[in-house]
1. In the stretch B:18-36, which residues are assigned to a loop (DSSP other than H, G, I, E, B) and modelled with pLDDT of 95 or more?
2. If I ask for residues that are over 20 Å from residue B:16 (Cβ atoms) and either within 14 Å of DNA strand D (Cβ to nearest atom) or without any contact (Cβ under 8 Å) to a residue 12 or more places away in the chain (or both), which ones from the stretch B:35-53 would you list?
3. Quick check on this structure: which one of A:33, A:2, A:56, A:18 is of a type in the set (Ser, Thr, Tyr) and surrounded by 15 or more Cβ atoms within 10 Å (Cβ to Cβ)?
4. Identify the single condition in (1) outside any helix (DSSP H, G or I); (2) surrounded by 12 or more Cβ atoms within 10 Å (Cβ to Cβ); (3) not acidic (Asp, Glu) that residue B:48 does not satisfy, given that it satisfies every other one.
5. Return the residue satisfying two criteria in turn: it lies in the stretch B:46-66 and is more than 10 Å from DNA strand C (Cβ to nearest atom) and away from chain A (no Cβ under 13 Å), and of such residues it is nearest to residue A:80 (Cα to Cα).
6. Would you mind stating whether residue A:144 is under 19 Å from residue B:136 (Cβ atoms), modelled with pLDDT under 70 and either in a loop (DSSP other than H, G, I, E, B) or at the interface with chain B (Cβ under 10 Å from one of its Cβ atoms) (or both)?
7. Of the residues in the stretch B:110-126, how many are facing chain A (nearest Cβ under 7 Å) and at pLDDT 75 or above?
8. Mind telling me which of the residues B:2, B:33, B:37 ends up being within 14 Å of chain A (Cβ to nearest Cβ) and away from DNA strand C (no atom under 13 Å from the Cβ)?
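The values are calculated or read from the model by the stated rules, or taken from the named source; none is laboratory data. The structure presented is a predicted model; accordingly, all values stated were derived computationally and were not measured. Cβ placement follows ideal geometry from the backbone for every residue including glycine, while neighbour counts extend to all protein chains displayed.
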Number of protein chains: 2
Amino acid sequence: MTMSDIAAQFAARQYKLTSQREAIVRVLLENETEHLTVEDIYLKMKPYHPNLGMATIYRTLDLLSELHIVEKMNFGDGPARYDLRGGGQGHMHHHLICEDCGELTEIKEDWLAELEARLEREYGFLVTDHRLDFKGRFKTCERHDCRSARTGRQVG
Amino acid sequence: MTMSDIAAQFAARQYKLTSQREAIVRVLLENETEHLTVEDIYLKMKPYHPNLGMATIYRTLDLLSELHIVEKMNFGDGPARYDLRGGGQGHMHHHLICEDCGELTEIKEDWLAELEARLEREYGFLVTDHRLDFKGRFKTCERHDCRSARTGRQVG
DNA sequence: ATGCATGCAAAACCTTTGCACCGGA
DNA sequence: TCCGGTGCAAAGGTTTTGCATGCAT
């Protein structure tokens with residue numbers, strides 16, 4: 001996903017790619033592997049765009065979601081997180097969420113094609129997108145044996 | 001899942017099963033196939049427990065989540081929804097979310113065992129729970145051809 | 001008496017909205 | 001000029017928290 005791809009999508013729908021919107025997209029592109037919150041974006045932009053308010057970020061992210069450029073994720077603890085969708089393949093979002101350290105890891109593979117075919121056959125349901133989250137623990141997690149000491153951080 | 005199962009789990013952790021908590025559990029048991037919000041529960045209980053406030057429901061649901069008796073789900077639109085976990089098998093939560101009508105259907109089968117085994121082999125990640133949501137459309141959905149008329153309801 | 005649980009209200013938190021202003025076609 | 005976009009502040013909805021009271025051991 002490049003800036004000019006995104007510019008083309010804006011143009012196709014007659015949305016304006018203003019300097020604010022472009023700056024927000026740039027932050028997303030520069031942090032492609034992260035799952036940023038609105039506040040994350042706000043703070044990263046503040047030095048360069050001190051007047052840009054969170055409302056504009058919310059509005060821009062809604063727009064980008066509508067265009068399927070970003071995906072909005074809400075894990076139910078704290079604020080929603082946003083993520084550029086992967087290159088061509090479109091939908092697929094799988095996460096490993098460690099219950100010890102809270103780490104959120106994205107699985108880059110699409111393992112669900114056959115399940116989707118089965119849903120269509122057996123439920124008459126045409127899948128356009130999915131999200132799969134696993135909770136558990138990394139064997140190598142440094143906090144593996146600290147479970148009882150945890151404060152109540154919600155990881156899912 | 002029966003009330004006495006739940007009572008046993010409370011006792012095992014030295015939590016008190018007060019009349020308020022029992023009433024909340026009863027509402028969940030009586031609506032086992034629904035995905036209730038705190039407000040849903042509050043309104044259902046109001047006639048019988050007019051003094052019971054939402055704070056108690058929040059606190060009780062947190063407790064029930066911690067005991068893995070209910071699952072908290074947040075789809076990012078509106079309030080969180082809560083659901084009794086299925087009988088013995090423990091974790092498994094798969095949903096079909098229709099983008100036309102917003103209907104939320106639960107899939108009652110556990111299709112992910114082999115994926116979980118693969119995650120352990122390839123990522124060193126021990127899965128304790130997962131959630132799988134599919135967005136799409138039921139072929140039979142009555143609103144199938146009304147997409148352009150939709151207001152912006154968020155279904156995922 | 002001690003400590004957990006409750007009820008109420010206030011606060012906190014995240015997000016959306018209203019409205020005046022700005023800037024490009 | 002027109003219209004979408006922005007900035008700020010206020011409102012909205014959901015959830016958490018503080019604190020006094022209540023209840024059971």
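1. Of the stretch B:18-36, the ones assigned to a loop (DSSP other than H, G, I, E, B) are B:18, B:31-35.
Once the filter is applied, which keeps residues that are assigned to a loop (DSSP other than H, G, I, E, B) and modelled with pLDDT of 95 or more, the stretch B:18-36 yields only B:18.
2. Of everything in the stretch B:35-53, those that are over 20 Å from residue B:16 (Cβ atoms) and either within 14 Å of DNA strand D (Cβ to nearest atom) or without any contact (Cβ under 8 Å) to a residue 12 or more places away in the chain (or both) turn out to be B:35, B:36, B:37, B:38, B:39, B:40, B:42, B:43, B:46, B:47, B:50.
3. Values: A:33 fails: surrounded by 15 or more Cβ atoms within 10 Å (Cβ to Cβ); A:2 fails: surrounded by 15 or more Cβ atoms within 10 Å (Cβ to Cβ); A:18 fails: surrounded by 15 or more Cβ atoms within 10 Å (Cβ to Cβ).
Result of the check over A:33, A:2, A:56, A:18: A:56.
4. Exception for residue B:48: condition (2).
5. Among those residues, the one meeting the criterion is B:64.
6. Details: under 19 Å from residue B:136 (Cβ atoms): no; modelled with pLDDT under 70: yes; either in a loop (DSSP other than H, G, I, E, B) or at the interface with chain B (Cβ under 10 Å from one of its Cβ atoms) (or both): yes.
So residue A:144 does not fit the description; no.
7. 5
8. Numbers: B:2 fails: within 14 Å of chain A (Cβ to nearest Cβ); B:33 fails: within 14 Å of chain A (Cβ to nearest Cβ).
Only one candidate passes the filter, namely B:37.
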